[in-house]
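Asker: If you scroll down you'll find the structure; I have some questions about it.
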Amino acid sequence: MIYEAIIMGMTGDEAVAWAAKQVNPDVVPAYPITPQTIIVERFSDYVNDGLVDTAFVPVESEHSAMSASVGASATGARVFTATASAGLALMNEILYVASGLRLPIVLAVANRALSAPINIHAECTDQLVTRDASWISLFGETAQEAYDETIMAFKIGEHPDVMLPVMYGIEGFIVTHALERVDTLPDEAIRNFLPPKREISHVLDPSEAKTFGSLVLQDYYMEIKRQQEEAMERAYHVTKEVMAEYSEISGRKYEILEEYHLDDAEYAFVTYGATAGNAKAVVDLLRAKGEKVGALKIRMFRPFPGNDIYEALKGKKAVAILDRSATFGSPGTIVQNDLASALYMKQGAPSLHGFINGLGGRVLMHEEKEQIYDQVKQYHADGKTHTQEWVGYRS
Amino acid sequence: MGRVQELIDMTELPMIGKLNKPLKEIVKIDNILTGGHRLCAGCGAGTMARQVTLAAKAMDQPFMITNATGCLEVATTIYPFTAWKVPFMHNAFENASATASGTIAAFEAMKRKGIYDGEQPKMIVFGGDGGTYDIGLQSLSGAVERGHDFVYVCYNNGAYMNTGIQRSGGTPMSAATTTSPAGTKIPGKIKWAKPLAEIMAAHDIPVFTASPFYYRDLMTKTQEALKYEGPAFILIDSPCNLGHKHAPGESLEITKLAVQTCFFPLYSTYLDNWKLTGESLKIAKGQSEKLPVTDYFKTQGRFKHLFEPQWADKLVEIQKTIDEKWERLKKKAGF
């Protein structure tokens, strides 16, 4: 059943806050950081105006935000928080505790460059480098996706087969502060999609002497870590199911990958987050010139859908990975490395060319993307299978 | 605020004999921290934890524990076993207070929403001196400022004992540790311990110091702290025979000497209302003798170097400073 949309005008941050308000989480521990601040400001309004029943815990750091999230989530409470950049880096230690204790905390990330030099603008390195923390990791392209992914994130993480925390990123300012039309669901739809009480069997409960956060040594540690991997593998299927279910109530098609003119394409851009919009625009420009090019957006970064990406890119000649993230001394860009691992030795896999771009909010113009396209075609003609380079900077 | 009033109206702290039940009844309660834990023989953390949790259990209300990483945590929760008979949560080293604040907030919200129908549990947080004086101070101060209803118990053994006796902000002046060794040029730690109880008192919350030797005083203070609706802080002198270097059987005798020498005075304070308690009150009143700090130092290997002729002046300086600190405390307590 598709619910009739309630159309609103919101920035990406406001869309996240509005979705969080509708979910009405039990606990929101949060600490402000640009460009996430609007999320916690709006949510504070909802708390102080009595529009949510949430216990808002205005902690003194992001480390404490994630720590309080862990303490709250262990009770079976539904927990939401949000951060960016340095805040996510400060949380890093406790990200592993959250996933290791199998706590489905939901974390919105306003993707922002890391210091130094200090910079407050868009870059996804902050989120991508948490790839080994056993968090489900999604990216959103627009304020609409920010809204929708907020709601889906709870359902994915809390699924009894998963029980893992979920983070989803929207790029700083480009999405967080840009005003867009957002089609929202009525509260009733969200209550039906996400019942107020979590389904959970093992919780920190005053009436039961359970110990959480034990010291686990050589005899059990690896088994517990292996269970996380198995949960991550199940999360792949659960995420697909939840996105399909959400598509049915919202009328907006959600999948872990989004394909754009890929079927007959010989070349493709691979992107995630807001860059996907630019890539689609460039595909349109190139298609108008008769080029056989398409785009693939990776919505789910962890678990990494390697086989799905292979199926989508099989038979293409070459792809350009537009990676708005920095990595140094690496054989590829961050996403390119995963792609290379997923496609290696597979029949019909395209050659992979990674482009580090857009750091600290730098804009990559359409002309520059067209140049990348020409370059990738040339690499293919020259027989190059793998390159990594920086684009859009002054040398 | 009714309970606050009850606390500050108490005229004679400590409330000796004012436990909510006779000790003869309280000792019938099964230990909350059971045998089979793997704390060292002679460790004060187990003793202090049993006293605190027995006092809490005697109050007949549900309570939970959050524990910072440290000896007490690692030695009592080795998977797949646990020594705890109450709900217990460990997150990490520096964040026990933040973790507890999330747990407390969760029950408040879930009760409000009708998702949780049990009683709001009391929360006791345990942390060592490393987890409290140093790495966990920000988290503790933040949680106290926000006013969550919890009792933070710092068991202070004066160094990072769990990792091998490294100096902390709670290590006493001149104590030898593995990172402040008794060298030929520098005699152990070169700074006094951070005044943690005073720092916590400056948050305008009830603050208590306690010693496991004076168990009735410790348990009474625990109950007072739990009765308070809001954050309260207890600093407990906790012996570590491996780190302090003495025989396991001497631990409690040594904590007694810490009080008798005014090295670790017993008091309660709330809103600048300072009250000496127990043995410290007797010393202030002249009813008990104040012993020289050397009586305390000579029991422990960590202070052994101070008795070499080279450091004779240092010992005099330490005694002088302890006397000054004691006089300042006495003055605050109205003596």
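The values are calculated or read from the model by the stated rules, or taken from the named source; none is laboratory data. Being a predicted model, the structure only gives us computed values, none of them experimental. Glycine gets a Cβ as well: all are built from the backbone with ideal geometry, and neighbour counts include every protein chain shown.
Every residue, every condition in (1) in contact with a helix residue (DSSP H, G or I) (Cβ under 6 Å, 6 or more places away or on another chain); (2) assigned to a helix (DSSP H, G or I), yes or no:
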position: A:Met8; (1), (2): no, no
position: A:Ala15; (1), (2): yes, yes
position: A:Val40; (1), (2): no, yes
position: A:Val52; (1), (2): yes, no
position: A:Phe56; (1), (2): yes, no
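Asker: A follow-up question, please. Taking the stretch A:74-123, which residues are away from every other protein chain (no Cβ under 11 Å), among the hydroxyl-bearing types (Ser, Thr, Tyr) and surrounded by 21 or more Cβ atoms within 10 Å (Cβ to Cβ)?
Answerer: Scanning the stretch A:74-123 gives A:Thr83, A:Ser85, A:Ser99.
Asker: Here is a further query. For residues that are touching a Pro at 6+ places or on another chain (Cβ under 7 Å) and more than 23 Å from B:Gln51 (Cα to Cα), tally how many sit in the stretch B:116-144.
Answerer: 4
Asker: Give me the residue from the stretch B:301-322 that is touching a residue at least 60 places away in the same chain (Cβ under 8 Å), charged (D, E, K, R) and surrounded by fewer than 19 Cβ atoms within 10 Å (Cβ to Cβ) and, out of that set, farthest from B:Gly243 (Cα to Cα).
Answerer: Among those that are touching a residue at least 60 places away in the same chain (Cβ under 8 Å), charged (D, E, K, R) and surrounded by fewer than 19 Cβ atoms within 10 Å (Cβ to Cβ), it is B:Lys314.
Asker: Further, regarding this structure: Identify, from the list B:Pro212, B:Pro172, B:Pro239, the residue that is assigned to a loop (DSSP other than H, G, I, E, B), in contact with a strand residue (DSSP E or B) (Cβ under 8 Å, 6 or more places away or on another chain) and buried (at least 16 other Cβ atoms within 10 Å of the Cβ).
Answerer: B:Pro212
The rows are residues; the columns are (1) closer than 26 Å to B:Gln138 by Cβ; (2) more than 15 Å from the chain's Cα centre (by Cα).
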site: B:Gly46; (1), (2): no, no
site: B:Val52; (1), (2): yes, no
site: B:Ala55; (1), (2): no, no
site: B:Val74; (1), (2): yes, yes
site: B:Thr82; (1), (2): no, yes
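For (1) within 10 Å of chain B (Cβ to nearest Cβ); (2) in contact (Cβ under 8 Å) with a residue 24 or more places away in the chain; (3) out of contact with any Asp or Glu (no Cβ under 6 Å at 6 or more places or on another chain); (4) of a type in the set (Ser, Thr, Tyr), each residue gets a yes or a no:
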position: A:Trp18; (1), (2), (3), (4): no, yes, yes, no
position: A:Lys21; (1), (2), (3), (4): no, yes, yes, no
position: A:Thr34; (1), (2), (3), (4): no, yes, yes, yes
position: A:Ile39; (1), (2), (3), (4): no, yes, no, no
position: A:Val47; (1), (2), (3), (4): no, no, yes, no
position: A:Ala55; (1), (2), (3), (4): yes, yes, no, no
position: A:Pro58; (1), (2), (3), (4): yes, yes, yes, no
position: A:Ser67; (1), (2), (3), (4): yes, yes, yes, yes
position: A:Ala72; (1), (2), (3), (4): yes, yes, yes, no
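Asker: Follow-up. Give the residues of the stretch A:2-28 that are crowded, with 24+ Cβ neighbours inside 10 Å, of a type in the set (Asp, Glu) and more than 20 Å from A:Glu158 (Cβ to Cβ), sorted by residue number.
Answerer: Result: A:Asp13, single match.
Asker: Just name the residue that is farthest from the other protein chains (Cβ to nearest Cβ) out of those in the stretch B:66-114 that are touching a Gly at 6+ places or on another chain (Cβ under 9 Å) and surrounded by fewer than 20 Cβ atoms within 10 Å (Cβ to Cβ).
Answerer: B:Lys111
Asker: Is it the case that the stretch B:299-317 has a residue that's under 22 Å from the mean Cα position of the chain (by Cα) and outside any helix (DSSP H, G or I)?
Answerer: yes
Asker: Name every residue in the stretch A:207-265 that is within 13 Å of chain B (Cβ to nearest Cβ), touching a residue at least 24 places away in the same chain (Cβ under 8 Å) and outside any helix (DSSP H, G or I), in order of residue number.
Answerer: Answer for the stretch A:207-265, where residues must be within 13 Å of chain B (Cβ to nearest Cβ), touching a residue at least 24 places away in the same chain (Cβ under 8 Å) and outside any helix (DSSP H, G or I): A:Phe212, A:Gly213.
Quick grid of which residues meet (1) over 15 Å from A:Leu257 (Cβ atoms); (2) more than 22 Å from the chain's Cα centre (by Cα):
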{"site": "A:Val283", "(1), (2)": "yes, yes"}
{"site": "A:Lys297", "(1), (2)": "no, no"}
{"site": "A:Met300", "(1), (2)": "no, no"}
{"site": "A:Ile309", "(1), (2)": "no, no"}
{"site": "A:Ala320", "(1), (2)": "yes, no"}
{"site": "A:Thr327", "(1), (2)": "yes, no"}
{"site": "A:Pro331", "(1), (2)": "yes, yes"}
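Asker: Still on this structure: In the stretch A:184-198, what residues are within 14 Å of chain B (Cβ to nearest Cβ) and surrounded by fewer than 17 Cβ atoms within 10 Å (Cβ to Cβ)? Step through it out loud before you land on a result.
Answerer: The initial filter retains those residues of the stretch A:184-198 that are within 14 Å of chain B (Cβ to nearest Cβ), namely A:191, A:194-198.
Of everything in the stretch A:184-198, those that are within 14 Å of chain B (Cβ to nearest Cβ) and surrounded by fewer than 17 Cβ atoms within 10 Å (Cβ to Cβ) turn out to be A:Arg191, A:Pro195, A:Pro196, A:Lys197.
Here's the yes/no breakdown for (1) in contact (Cβ under 8 Å) with a residue 40 or more places away in the chain; (2) touching a His at 6+ places or on another chain (Cβ under 8 Å); (3) in a strand (DSSP E or B); (4) not β-branched (Val, Ile, Thr):
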position	(1), (2), (3), (4)
A:Leu339	yes, no, no, yes
A:His353	no, yes, yes, yes
A:Gly360	yes, yes, no, yes
A:Val363	no, no, no, no
A:Glu368	no, no, no, yes
A:Tyr373	yes, no, no, yes
A:His380	yes, no, no, yes
A:Tyr393	no, no, no, yes
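Asker: For B:Gly127, indicate whether it is within 14 Å of another protein chain (Cβ to nearest Cβ) and at pLDDT 95 or above. Can you show your working first?
Answerer: Working: within 14 Å of another protein chain (Cβ to nearest Cβ): yes; at pLDDT 95 or above: yes.
When the stated conditions are applied, B:Gly127 passes them.
Asker: Among the residues of the stretch A:323-332, is there at least one that is in contact (Cβ under 8 Å) with a residue 12 or more places away in the chain, buried (at least 19 other Cβ atoms within 10 Å of the Cβ), in a strand (DSSP E or B) and not aromatic (Phe, Trp, Tyr)?
Answerer: Yes, some residue in the stretch A:323-332 is in contact (Cβ under 8 Å) with a residue 12 or more places away in the chain, buried (at least 19 other Cβ atoms within 10 Å of the Cβ), in a strand (DSSP E or B) and not aromatic (Phe, Trp, Tyr).
Asker: Out of the stretch A:17-38, which residues are assigned to a helix (DSSP H, G or I) and among the charged types (D, E, K, R)?
Answerer: Once the filter is applied, which keeps residues that are assigned to a helix (DSSP H, G or I) and among the charged types (D, E, K, R), the stretch A:17-38 yields only A:Lys21.
Asker: Let me ask something additional. Which one of B:Thr277, B:Thr255 is crowded, with 23+ Cβ neighbours inside 10 Å, closer than 30 Å to B:Gly164 by Cβ and not charged (D, E, K, R)?
Answerer: After applying the criteria, what remains is B:Thr255.
Asker: Of everything in the stretch B:276-322, what is among the acidic types (Asp, Glu) and farther than 18 Å from B:Thr209 by Cα? Give them in sequence order.
Answerer: So the first thing to find is which residues in the stretch B:276-322 are among the acidic types (Asp, Glu), and the list is B:279, B:289, B:295, B:308, B:313, B:317.
Scanning the stretch B:276-322 gives B:Glu289, B:Asp295, B:Glu308, B:Asp313, B:Glu317.
Yes or no, residue by residue, for (1) in a loop (DSSP other than H, G, I, E, B); (2) free of Cβ contacts under 8 Å to residues at least 60 places away in the same chain; (3) touching a Ser or Thr at 6+ places or on another chain (Cβ under 6 Å); (4) within 14 Å of another protein chain (Cβ to nearest Cβ):
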{"position": "A:Asp148", "(1), (2), (3), (4)": "no, no, no, no"}
{"position": "A:Phe154", "(1), (2), (3), (4)": "no, no, no, no"}
{"position": "A:Pro160", "(1), (2), (3), (4)": "yes, yes, no, no"}
{"position": "A:Val175", "(1), (2), (3), (4)": "yes, no, no, no"}
{"position": "A:Ile200", "(1), (2), (3), (4)": "yes, no, no, yes"}
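Asker: Here is a further query. Using the structure shown, decide if B:Thr34 is surrounded by fewer than 24 Cβ atoms within 10 Å (Cβ to Cβ) and within 7 Å of chain A (Cβ to nearest Cβ).
Answerer: Criteria not met by B:Thr34.
Asker: Would the stretch A:117-136 turn up any residue that is within 25 Å of A:His237 (Cα to Cα) and free of Cβ contacts under 8 Å to residues at least 24 places away in the same chain?
Answerer: Yes, the stretch A:117-136 has at least one match.
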